[in-house]
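Coordinate-derived values only; no laboratory data. Predicted model, so just to flag it, every value in this text is computed and none were measured. For neighbour counting, all protein chains shown are included, and Cβ atoms are generated from backbone atoms with ideal geometry for every residue, glycine included.
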Amino acid sequence: MPESTLTIDCQVHAYEKDSLSRPWQGFLQGPDEVTGDDMVAAMDSVGVDGAILISPASLYAYDASYALEVYAKHPGKFGLVRPFNPKSETVGEEVEEWAATPGVVGARIMLRPYEFTEYDPGLSSILDAGAKAGIPINIMCSGNLDLFSQLADKHPNTQMVIDHLGIPQPHLPPVPENPFADLDKVISLAKHDNVVIKISGAGTLSHESFPYADIWEPLSKIFNAFGLDRCLWGTDWTRAVELLTYKEGVEAFRVTDSLSDSEREILMGGSLSKIYKWAPKN
């Protein structure tokens, strides 16, 4: 059974330096390299027991081979999620095969607003396959919340996860003047019973220094709308590296008076274990 007392990060990345053997397809904010070993060391240094390891689409597109290598070396630390290409004619079968892979806990859709503006059959194929396999579909949907809501309506039996608060987050300072501009629209998504939300990268939306006191009022509105059992804490490491340290991304949620100990336990691991049906093993 999942242990709710464990601290689990809902989203981290690991990757190697750009190389001929595994070339980058684009750019991800962060160091030149954050290996699986590096990520485990960072987690261990601040008492994070495990994490959902997301194969970074911006670097590796739909190739999850490095994430699988990391899992093979650290099977007790990570649950695996990879992105899928909705344009692939066999994407449903691809998700089904992925779901049967050891270590896998979910799949991901990059619902970029410049790429998807309306219903696409490939999106439904991924969501249907997720429901069939019993794995959550993580959806990067900031800037495209209306389409996300339509998909949630069409696929009530699929566990859908809103990535990164559903809010555009900066990769570099400065923080936008009104970073929570989409908050009301995000809160409206709580009406979908099959939707949960990642409280990830929240510190990057603060205009204040650690421990980011100005994020708690908008976050409390999300907690109240969804309920903490549908909220999953995380850092979005390494994307957040230019705005805060990994330790700050973790400790901000430990030191705040806005959460009781029991609420913190749910938010920082308990809800994730139930949604992903997974917990790390030391």
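At a glance:
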item: Elements of type helices (runs of 4 or more DSSP H) contained in region 206-282, each with 1 or more residues being more than 24 Å from G79 (Cα to Cα); result: 216-226, 246-255, 261-265
item: Qualifying residue in region 10-17 (condition: closer than 15 Å to A279 by Cα and touching a Lys or Arg at 6+ places or on another chain (Cβ under 8 Å)); result: yes
item: All positions within region 241-263 that are surrounded by 15 or more Cβ atoms within 10 Å (Cβ to Cβ) and of a type in the set (A, V, I, L, M); result: V241, L243, L244, V250, A252, L259
item: Every residue from region 188-221 that is of a type in the set (S, T, Y), surrounded by 15 or more Cβ atoms within 10 Å (Cβ to Cβ) and either under 15 Å from H164 (Cα atoms) or without any contact (Cβ under 8 Å) to a residue 24 or more places away in the chain (or both); result: S200, T204, S206
item: Residues that are among the hydrophobic types (A, V, I, L, M, F, W, C) and in contact with a strand residue (DSSP E or B) (Cβ under 6 Å, 6 or more places away or on another chain), drawn from region 71-89; result: F78, L80, V81, F84
item: Residues of region 26-42 satisfying the condition of being within 16 Å of the chain's Cα centre (by Cα) and buried (at least 20 other Cβ atoms within 10 Å of the Cβ); result: M39
item: Looking only at region 222-240, and only at residues there that are buried (at least 21 other Cβ atoms within 10 Å of the Cβ) and polar (S, T, N, Q), the one that is nearest to I52 (Cα to Cα); result: T235
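Conditions (1) more than 25 Å from I167 (Cβ to Cβ); (2) not in a helix (DSSP H, G or I), marked per residue:
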{"site": "D38", "(1), (2)": "yes, no"}
{"site": "A41", "(1), (2)": "yes, no"}
{"site": "G76", "(1), (2)": "yes, yes"}
{"site": "G79", "(1), (2)": "no, yes"}
{"site": "T101", "(1), (2)": "yes, yes"}
{"site": "Y114", "(1), (2)": "no, yes"}
{"site": "E118", "(1), (2)": "no, yes"}
